[in-house]
Amino acid sequence: MLPGSVRLVRVGCGPASTKTPITLLHALLSPGSRLTLPWRKDFNALAYVLSGRGSVGTDRQPIDSGQLAVFDGFGTVPRLGTIPAHA
């Protein structure tokens, strides 16, 4: 789901050498927005917060700048959210 408050999603697959296949997504979310991504059940996903604070997962666990969330795959759908501007 890409609501109107998601300002940017970049998909990266540039010239990199890795031991396993990777997909890089760079998402810029407006305050108070949510982003839910379709994801392969057999792939893991990581979310790193460059700046700001928000929540991750269906249970909306808090996450802040400099923190990493690990989605373990096997049916986990990466969900990210941001804190509303007035919070």
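Among residues of region 32-44 that are among the acidic types (Asp, Glu), those with a Cβ under 9 angstrom from a residue that is open to solvent by less than 70 Å² (accessible area, probe 1.4 Å) and modelled with pLDDT under 80, sequence gap 6+ or separate chain, pair up as Asp42/Gly73. Looking across region 67-87 at every residue that is under 18 Å from Ser51 (Cα atoms) and among the polar types (S, T, N, Q), the one that is modelled with the highest pLDDT is identified as Gln67. For region 1-55, the set of residues classified as modelled with pLDDT of 80 or more and in contact with a Phe, Trp or Tyr (Cβ under 9 Å, 6 or more places away or on another chain) consists of Ala45, Leu46, Ala47, listed by residue number.
The values are calculated or read from the model by the stated rules, or taken from the named source; none is laboratory data. Predicted, not measured: the structure shown is a model, and the values here were computed from it. Note that we place each Cβ from the backbone using ideal geometry, even for glycine, and neighbour counts take in every protein chain shown. Side chains included, ligands, DNA and RNA excluded: accessible areas come from the protein's heavy atoms. Shrake-Rupley method; radii C 1.70, N 1.55, O 1.52, S 1.80 Å.
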